[in-house]
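Colleague: Provided herewith is a single structure, encoded as structure tokens, for subsequent inquiry.
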Amino acid sequence: MVSFFKYWKQDLPAALVVFLVALPLCLGVGLASTNVVGLTGLPNVMSGIIAGVIGGVVVGVFSGSRLGVSGPAAGLITIVLAALHDLGSFEAFLLALVLAGLIQFILAFVGFGLLANYVPTAVIKGMLAAIGITLILKEIPHLLGYDKDYIGDESFWQFDGHNTFSELFYALKAFEPGAIILGLLALCILLIFDSKWIKAKSWSMYVPGALVVVVLSIITNEFFLGTLQVSGIHMVEVPHLASIEQFKNIFNSPDWLEITNSKVWVIAITLALVGSLETLLSLEATDKLDPKKHKTNPHRELKAQGIGNLISGLIGGLPITQVIVRSSANIAAGGQSKLAAIMHGVLLLFSILFLSSVLNLIPLAALAAVLVLVGYKLAKWSLFVEMYQKGLSQFIPFIVTIAAVLLTDLLKGIGIGILVAIFYILKRNFENHFTKEENAEEFRLILSEEVTFLNKGGILKALNNNAQKHIIIDATRTKSIDNDVLESLNEFKFNAEQEGRQKITFINL
């Protein structure tokens, strides 16, 4: 227990920063999930907060991730909306979520957690950079006071038919002077707090820049007069729970009678697979961002996510995954252990119970500035330079992943990036299949350790180009050779000897 609180001086300020980042994201995901017509038992905006609390406290307790933070994922909104539309009942959806949690728990025991190990590093880094750029592009409208879209949305296409870039166009036509002032003030404060001069101060670890931003933005906005003061949709909007009865009403229970509904099972499997993939990719990315390079057990993480989704489904929450935005905010804020993730969940719960009136004084422009800085740290120019210096085989999958994630979504973008990375793997395998030694009379072809059918053409071309020499095919280092290649080599030797063209010698073949 003592070791659990070992880094509390760093973890509590980090938890506060993650809380400030997570609050509008939870509300935004909850708000987006209510966008279904004709639904029985419509989920309320608090469903996102419920998932955030469970993601922080429950998943945080069972997870082995040092710095990962879980909560409702914006990437699953389209699946949630489609599921709600197909089932026509939020309670039936909650049953699907309970089943998804059970399926995730089972996946942990069948090796599914190792899947992220097969995603190339260039693709993971491309994913991180893409999320960073997405955050910046998505939050610029909120910095300008254009708050038609909910804060924290990551999708390229919006529910109103707009997209990431068209939203920027509309934002430039809808300036809100007060929001712009607050946003610029917030960015300046965050940059000052992120400077080496401030970080060198002993007190800086106890005073998060995000907290200073929030406090000063509230005070500044209260002193604004007339059109400068921001209000309404430009502010955080946490529902006020004035009584125990209102608190009870935010919870919902699954409809167990729908257990025989095949649609429920299809949705459960979909949520489990997609949610697990997002978690594993975020986990891999978080471990790469971790300054101490801690390697998290992915099977344990899937179990934790399974437990979290099961409980979220039981009480009326939304699907949970590990979320790279919150995790990177935790790392940037100096978090040292999973106490930060757990405490951010506690703060979410405490805030909706007792602080709604204070939270509703926070301008969205201030929180957008916090997310912009998180995005900048994920997509620094130095990362692009580093990947370029590693060569095109790393740089092109990296860039393609960024573009694909920006223009589609996380999983599609990752899939496209992996396909491009596989092309370079095959290309490298095609090129590096043998070495050669030759002189005027002899040509020695030394096969590599692994020889596949992709190498057949290159090997035969090299042999035909040296048809007048004594050819030695050396397989001393070869551990595996494809039957297609072996058959072609035997045919080449047979034909050469039949025609009396040259002498062919096999070594260890």
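Colleague: Filter segment 318-338 down to residues that are hydrophobic (A, V, I, L, M, F, W, C) and under 14 Å from the mean Cα position of the chain (by Cα) and give me whichever is nearest to A96 (Cα to Cα).
Modeller: The selected residue is I320.
Colleague: Just one of I422, I416 is β-branched (V, I, T), closer than 30 Å to G126 by Cβ and loosely packed, with under 14 Cβ neighbours inside 10 Å; which is it?
Modeller: Criteria check complete, one pass: I422.
Colleague: Looking at segment 218-240, which of its residues are touching a residue at least 60 places away in the same chain (Cβ under 8 Å), assigned to a loop (DSSP other than H, G, I, E, B) and among the hydrophobic types (A, V, I, L, M, F, W, C)?
Modeller: V230, V236, V238 - these are the residues of segment 218-240 that are touching a residue at least 60 places away in the same chain (Cβ under 8 Å), assigned to a loop (DSSP other than H, G, I, E, B) and among the hydrophobic types (A, V, I, L, M, F, W, C).
Here's the yes/no breakdown for (1) in contact with a Leu (Cβ under 8 Å, 6 or more places away or on another chain); (2) within 17 Å of W265 (Cβ to Cβ); (3) modelled with pLDDT of 90 or more:
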{"site": "S65", "(1), (2), (3)": "yes, no, yes"}
{"site": "A73", "(1), (2), (3)": "no, no, no"}
{"site": "I77", "(1), (2), (3)": "no, no, no"}
{"site": "V80", "(1), (2), (3)": "yes, yes, no"}
{"site": "F93", "(1), (2), (3)": "yes, yes, yes"}
{"site": "L107", "(1), (2), (3)": "yes, yes, yes"}
{"site": "L114", "(1), (2), (3)": "no, no, no"}
{"site": "V123", "(1), (2), (3)": "no, no, yes"}
{"site": "M127", "(1), (2), (3)": "yes, no, yes"}
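Colleague: Among the listed residues S217, S231, S253, identify the single one that is surrounded by 12 or more Cβ atoms within 10 Å (Cβ to Cβ) and not assigned by TED's automatic domain parsing to the domain that holds A51.
Modeller: S231
Colleague: Here is a list: G145, G101, G161. Which entry is among the small types (G, A, S) and outside the structural domain of A369 (by TED's automatic domain parsing)?
Modeller: Every option except G161 fails the conditions.
Colleague: Shifting gears a bit: Being out of contact with any strand residue (DSSP E or B) (no Cβ under 9 Å at 6 or more places or on another chain) and under 19 Å from S448 (Cβ atoms) is the filter; apply it to segment 461-489 and report the residue that is surrounded by the most Cβ atoms within 10 Å (Cβ to Cβ).
Modeller: Only one residue fits best here, namely S488.
Colleague: Among the residues of segment 78-98, which ones are under 22 Å from L135 (Cα atoms) and either surrounded by 24 or more Cβ atoms within 10 Å (Cβ to Cβ) or acidic (D, E) (or both)?
Modeller: V80
The values are calculated or read from the model by the stated rules, or taken from the named source; none is laboratory data. This one's a predicted model, so the numbers in the text were calculated from it and none came from an experiment. We place every Cβ from the backbone using ideal geometry, glycine too, and count neighbours over all the protein chains shown.
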